[in-house]
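Here's the structure, in structure tokens; my notes come after.
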Amino acid sequence: MPSLTLAERASLVGPLDYKVLKTIYSLHRNHEWIRTSELVEETGLSLRELQPVLVKLYDLRLLSKQIVTGEHSYRITFTALDILAIKKLYVDKVLKSLGIVIGVGKESEVYMGYNFSDEPVVVKFHRVGKRSYKNIRKIRNISKNKDWSIISVENAEKEYHALSCIKKNYGYVPEPFSNAYNAVVMELVEGNELYRSELDDPRGVLDQIISTVRIAYNECKMIHGDLSEYNVLVRDNTAYVIDWPQWSSTDNEDLLVRDIDHILAYFIKRYGIEENTEKILEYIKGKT
Ligand SMILES: Nc1ncnc2c1ncn2[C@@H]1O[C@H](COP(=O)(O)OP(=O)(O)OP(=O)(O)O)[C@@H](O)[C@H]1O
Ligand SMILES: [Mg+2]
């Protein structure tokens, strides 16, 4: 059923299907392919009860299937992980419905959604794919045995944690509302990326970005690690620094220098605003 949207697929997943998906996800902490016999044991369902659920989930493309040691074995797909998140956000009364896709990144899909007061929100689904998997493992020193679904969930938790800390300390980021599985729900910023914005007050926007980096560094002990004109949104001449899942600790000073170099290079090139990198770095580290 390839033409169904994520929201439509989510609506077809009933309580029993949800229970089986959740069980498979939790078993991924141990290994990739989950055997039918393990599922019988873990869910407490009989083979006769379980089989139609597995067929349905496979047809909905929420499971992949393979024979392992002579037994049908399953793993969840990205879409299944998204659906686990949607269901939990619904039960938690955070997300009433899902809308259109507003951004597709290398490691995420960003949707618009609505909360229970019918206000628009953003839902970012982290999808650390096989393609980027080897690289990410190398860069972030991730253990070989970790499943991509677990890494995607950890990335969402990391991003939510960063947004929460920075927002609490009055940095310029979208307000985070909740986190479930691989999803982060946050404020919708109805603006454009910095590279697509024509700023009336470029110095003011640069100051907001630098002060956000300073708050992240001093109050949250975090360095963004991928700061650029593509990861800043601008609405009414106010900056919102987005895309935090890869943040690293303040031990990693090279990353801070690289972030500042990127953003200052953009403001020189586009607006002719020259700043002294050393002075800005000292300011961020709280030395001035
Ligand atoms: N809070 C938000 N409000 C409005 N739009 C958003 C918000 N968060 C993300 N977006 C949109 O989704 C796009 C991708 O988001 P983000 O940069 O966080 O994800 P990503 O997967 O890291 O993307 P990339 O790989 O392109 O860097 C953004 O460029 C922006 O257009
Ligand atoms: Mg981005």
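Data overview
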quantity	calculated
Under 13 Å from LYS168, Cα to Cα: aspartates and glutamates that are on another chain or at least 8 residues apart	GLU219
Label-point gap, in nm, between LYS65 and GLU253 - each point 7 angstrom along Cα→Cβ	5.7 nm
Selected from LEU54, LEU12, GLY286, residue furthest toward positive end of dipole (the chain; charges at beta carbon)	LEU54
The chain: angle of helix 15-27 to the longest principal axis, Cα-based, in degrees nearest 10	70 degrees
Leading residue at positive end of dipole, the chain (Cβ point charges), from ILE67, PHE78, TRP148	ILE67
Folded to 0 to 90 degrees: helix 253-271 orientation relative to the chain principal axis, Cα	60 degrees
Distance violations [Cα-Cα > 20 Å] among LYS22/LYS87; LYS158/LYS279; LYS106/LYS221; LYS22/LYS65; LYS167/LYS279	LYS158/LYS279; LYS106/LYS221; LYS167/LYS279
Residues VAL20, VAL104, VAL110 arranged by fewest to most Cβ contacts within 10 Å	VAL104, VAL110, VAL20
Helix 148-168 axis, angle to the chain major axis (alpha carbon atoms, nearest 10°)	40 degrees
Between segment 44-77 and segment 183-215, the Cα center-to-center distance that results, in Å	45 Å
Only Lys, Arg (+1) and Asp, Glu (-1) charged, at Cβ; the chain dipole about Cα centre in debye	1080 debye
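Every number in this text was worked out from the coordinates using simple rules, so none of it is lab data. In this text, all values refer to a predicted model and were calculated from it rather than measured experimentally. Every residue, glycine as well, gets a Cβ built from its backbone with ideal geometry; the counts of neighbours run over all protein chains shown.
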